[in-house]
There are 2 protein chains.
Amino acid sequence: MYRSHTNGQLRLADVNEEVTLSGWVQKVRDKGFMIWVDLRDRYGITQLMFDADRTDAAVLETAKTLGREFVIQVKGKVIERQSKNPNIDTGEIEVLVSDLTVLNQAKTPPFTIEDETDGGEELRMQYRYLDIRRNPVKESLIFRHKVTQEVRNYLSSDGFIEVETPYLIKSTPEGARDFVVPSRMNEGQFYALPQSPQTFKQLLMVGGMDKYFQIVKCFRDEDLRADRQPEFTQIDCEMAFIEQEDILNAFEGLTRHLLKEVNGVEVGAFPRMQYDDAMRLYGNDKPDIRFGMEFGELNEVAQHKDFGVFNNAELVVGIAVPGGNSHTRKEIDNIIKWVKRPQVGALGMVYARCNDDGSFKSSVDKFYNQEDLAKWAEVTGAKPGDLICLLSGDTNKVRAQLSALRMEMAERLGLRKPNEFAPLWVVDFPLLELDEETGHYHAMHHPFTSPKPGQLELLETNPGGVKANAYDLVLNGNEIGGGSIRIHDKQIQATMLKHLGFSEEEAKAQFGFLMDAFEYGAPPHGGLAFGLDRLVAILGGQETIRDFIAFPKNNSGRDVMIDAPAPIDDEQLTELSLKLNLKV
Amino acid sequence: MYRSHTNGQLRLADVNEEVTLSGWVQKVRDKGFMIWVDLRDRYGITQLMFDADRTDAAVLETAKTLGREFVIQVKGKVIERQSKNPNIDTGEIEVLVSDLTVLNQAKTPPFTIEDETDGGEELRMQYRYLDIRRNPVKESLIFRHKVTQEVRNYLSSDGFIEVETPYLIKSTPEGARDFVVPSRMNEGQFYALPQSPQTFKQLLMVGGMDKYFQIVKCFRDEDLRADRQPEFTQIDCEMAFIEQEDILNAFEGLTRHLLKEVNGVEVGAFPRMQYDDAMRLYGNDKPDIRFGMEFGELNEVAQHKDFGVFNNAELVVGIAVPGGNSHTRKEIDNIIKWVKRPQVGALGMVYARCNDDGSFKSSVDKFYNQEDLAKWAEVTGAKPGDLICLLSGDTNKVRAQLSALRMEMAERLGLRKPNEFAPLWVVDFPLLELDEETGHYHAMHHPFTSPKPGQLELLETNPGGVKANAYDLVLNGNEIGGGSIRIHDKQIQATMLKHLGFSEEEAKAQFGFLMDAFEYGAPPHGGLAFGLDRLVAILGGQETIRDFIAFPKNNSGRDVMIDAPAPIDDEQLTELSLKLNLKV
């Protein structure tokens, strides 16, 4: 038996007990005749004491050889501590050691195993097994476990059945790129790893499973933006015989449960916002509504003067930064620099200071008088002391730019509080989205999403105007889930695929099994998928997902710890009927 | 709202209530003026009634058009049934329909949606979404969900943390074949799909996670024997600071919990058997101990006469089939034919009838007298009325053959009762196994398994004799789990890999990250993995796993429903820097 107790367990009540402990050496303080060792495991830290008067000389000698991260086992007696440590659970006791066994030695770790480590990202990832010993990472992984347990228990008690869908499926060129898996037994053929279990969960609805969920890995071979992973985890859900309202209620319930159980936060009914309103008011389909700074559209009150920049713009739009008039000229210049960064892409920014006396001072006083500026203040909701920031240009671009500025200002003003939670449903997404490069429409959510009743006809005349029964769940400015009511009629699905540019043959080859299934009594159905990695990070009060993933990959899709991907044997390639075809 | 109740919900107490129901048409009985429809969903069946006197004529007309598996919605009033059906929960009521909406029509399904269907395996798999509507499949999937929920809740409450390990890892030629995944972003390089999360769970132990589990898909590109799947699910577990005894206790607890919660069966302490004893007594490392027929080894009492077949055999071994003397000569000839089938491979079988009067009659009376046969009976434990069956030959082969016969006879005698559960630990497995084709030893469990203390030295002199800290959990003749105490010392791991034929470079390239990790304070650790598909099937009283998997693949690794794997575009291949290299 390696231990009688963990290192987080012993209390004053255990004094005089003989115990066996195991763990890692966190710290050694050697005073010559006395040595203290902090012994660490997942559960906590226990202070060990070696005392020249009371500890066997050989044991004391061994204790002197201990280094950081050595794995040891000790036997000893629990005693009351002279100087107690109120910061740890075991802080009232220590263990006077009688026996010491070194279970394994340790080289000096390449970074300190402390909450604030000296290790950089790359080094921590290379030695991720050491990084996991650190509290912040360890606690994040335990937190993730807690969230998934809550999700599973909540959904199970609500009648959802977790069904495992296959990982080796079929490649469909639609959407993002698939990872493919060559089949040895079926020469020249490939499986694909699922980008999501979408078609399978729909087939489970056709199969009468009624309420399905699965916490499942999904795969996308995309060029990785920051904080994206080629493999990621979804909470994937689907229900039959439901309308949009049923879905929103079901998953609002789940989210509210998580906020309560995991964060201890009670939240009322989630507000709902039309997609169009989200874009108009926040320039964004996932607005952070923990704070204001709603957009004001200023075409009417800014395009009547001789200012060409505004007059030529499709949209003039602004926000009022609360208390922003306190910024110096230099600080405002820095904000302007910030919006002109290529990541944001604005060509410039017009601003107007709202003075405490009710007067205004703008960067375009040449064109606009106090009366004009007062209207700007009215439209943007600016109060004395605020700073009005205006961008102009093409509607889509300028909304995105102003949205970025709004988030940045909120960040600087400390308005994005990690422990405040503001969920929001964004509903009535467009069915289709214009790809500006190709001029083609593609499905905004996916090709199985149902148009709103009566809007199918619009597909011919105004495809961009068709609204879908599609919705996103937004939390603190992050999309944590999204879904839709699906098409369950073969004809409508065929029409939809035609509009998305699939030939009849392509549609049949790729989705024939689903459309066949629709002919055998498919029920109305719909669902939603949460991005678990992000959900957990946000509930954990963070926005980066990496510490909530045990073994994440870097931005080149590499696992630097195991050094994967890697070349494989020629023999393996031959067995798979493949040859390399390198571009060099 | 598509329904106010499910089809399993209404009772006598609901009579006179106006309800809305949705579901599939299971059956229509049209008596002209009255029509009854069985409406089905996941939760049950409710009888609908259309009555010319009380139902609107148009509704009645629509009802007459309903076919099997149509999806409909009805509104109506709950009434008490004239002739009650005690076999279903809703059997005391029916719904007098006032409104009927056909939500979706259905073509006639290719097989009947009944517990006993007329559809063959291939057809059922092609239309798996229809097959899932059948109770036996639906209930199996729900049962699987229940088992996994129990597993997760039990392990979580015991302090285990579920940690997701990556699916895109590194190929290691050791063991079975990997499925590989070409990396587009890392040209000419490949990920592999995990055969198990073995190295990652060990790294989590090095990382201090202490108690880990994961219910996780694993992948093996093997030529598929019957009832094997290229992707399968494991309950994967690992613990640190433990000895074998701790692991056995932990997972005996889990298994006992499942038997109790899922099957309502209370089981005492699981018996333990040495691997050597299992092979000697049952010819098998996963003996079914729900019944006797232990092997008797007869070399001493059968090699003293002039019977060359026995005298030249390495092992003469037999079982006493209870009541087997009732077999006719023809029936015994059929048993002999059975053991001579290529799947079993015996060259012949010697038998001895144990007559009720205590006398014997054998197929080798020419060589053996009553006194000899009495000794055979003693060694095999045969009683009057039994049939002694003897096989002879090379020890390994003949044990496997007699084990097959033992199982077959038990099957025929009805001794393999699906609702009787006999778990068993088989312990002290050999560390290495001789590959008779190559003459090389390979790891019986895997290369990270620890030899028993003090046996490392034997590796040089008697590799086949080294015992490992490895164990299997057996249930009703099936291995449901297996595991080992791992090596946690870099030097021992290096020695082990050397003995398995890895050069130092190979060892470093493939397992370098693990051996590096062992240098930074690796704790003693070990674990176990359950095969979930089989565990669920056996708890469900079955031995074939396919109906416990929503979308299984066939023996060629194909999903016949979605028709995968399939060829991919040349463009996809080019992006992956690959060319086909077909063998034709």
Within the stretch A:88-111, of all residues that are loosely packed, with under 15 Cβ neighbours inside 10 Å and polar (S, T, N, Q), the one farthest from B:LEU514 (Cα to Cα) is A:THR101
Give the number of residues within the stretch A:560-571 that are facing chain B (nearest Cβ under 7 Å) and closer than 15 Å to B:ASP178 by Cβ. 7
Of all residues in the stretch B:254-297, which are open to solvent by 60 Å² or more (accessible area, probe 1.4 Å) and among the aliphatic types (A, V, I, L, M)? B:ALA269
So which residues in the stretch B:189-202 are touching a Leu at 6+ places or on another chain (Cβ under 7 Å) and open to solvent by less than 10 Å² (accessible area, probe 1.4 Å), if there are any at all? B:TYR191, B:GLN202
Which of (1) under 45 Å from the mean Cα position of the chain (by Cα); (2) buried (at least 18 other Cβ atoms within 10 Å of the Cβ) does B:LYS84 not meet, given it meets every other one? (2)
If the requirement is being part of a helix (DSSP H, G or I), among the hydrophobic types (A, V, I, L, M, F, W, C) and buried (at least 21 other Cβ atoms within 10 Å of the Cβ), which of these qualifies: B:LEU573, B:LEU497, B:LEU528, B:LEU473? B:LEU497
Quick check on this structure: which one of B:LYS579, B:LYS583, B:LYS553 is within 11 Å of chain A (Cβ to nearest Cβ) and in a strand (DSSP E or B)? B:LYS579
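For (1) part of a loop (DSSP other than H, G, I, E, B); (2) surrounded by fewer than 22 Cβ atoms within 10 Å (Cβ to Cβ), each residue gets a yes or a no:
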{"site": "A:GLY358", "(1), (2)": "yes, yes"}
{"site": "A:PHE367", "(1), (2)": "yes, yes"}
{"site": "A:LEU390", "(1), (2)": "no, no"}
{"site": "A:LEU402", "(1), (2)": "no, no"}
{"site": "A:ARG406", "(1), (2)": "no, no"}
{"site": "A:ALA410", "(1), (2)": "no, yes"}
{"site": "A:PRO418", "(1), (2)": "yes, yes"}
{"site": "A:HIS446", "(1), (2)": "yes, yes"}
Among the candidates A:GLU408, A:GLU420, single out the residue that is in the same structural domain as A:ASN311 (by TED's automatic domain parsing), closer than 30 Å to A:GLY541 by Cα and of a type outside the set (S, T, N, Q). A:GLU408
Just to be sure, is B:LEU130 at pLDDT 95 or above, open to solvent by less than 60 Å² (accessible area, probe 1.4 Å), among the aliphatic types (A, V, I, L, M) and within 20 Å of the chain's Cα centre (by Cα)? no
Filter result for B:GLN510 (at pLDDT below 90 and assigned to a helix (DSSP H, G or I)): yes
Does the stretch A:339-347 contain at least one residue that is on the phi > 0 side of the Ramachandran plot and either in contact (Cβ under 8 Å) with a residue 24 or more places away in the chain or touching a Gly at 6+ places or on another chain (Cβ under 6 Å) (or both)? yes
For the stretch A:59-78, indicate whether the set of residues that are assigned to a loop (DSSP other than H, G, I, E, B), out of contact with any Gly (no Cβ under 9 Å at 6 or more places or on another chain) and more than 24 Å from A:LEU130 (Cβ to Cβ) is non-empty. no
On the basis of being open to solvent by 10 Å² or more (accessible area, probe 1.4 Å) and either polar (S, T, N, Q) or not in a loop (DSSP other than H, G, I, E, B) (or both), does A:ALA374 make the cut? yes
Going residue by residue through the stretch B:528-542, is there one that turns out to be facing chain A (nearest Cβ under 7 Å), more than 17 Å from B:ARG128 (Cα to Cα) and touching a helix residue (DSSP H, G or I) at 6+ places or on another chain (Cβ under 9 Å)? no
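The values are calculated or read from the model by the stated rules, or taken from the named source; none is laboratory data. As the structure is a prediction and not an experimental result, all values here were calculated from the model. Here the Cβ is made from the backbone with ideal geometry for all residues, glycine too, and neighbour counts use every protein chain on show. We work out accessible area using only protein heavy atoms, side chains counted, and drop any ligands, DNA or RNA first. Shrake-Rupley method; radii C 1.70, N 1.55, O 1.52, S 1.80 Å.
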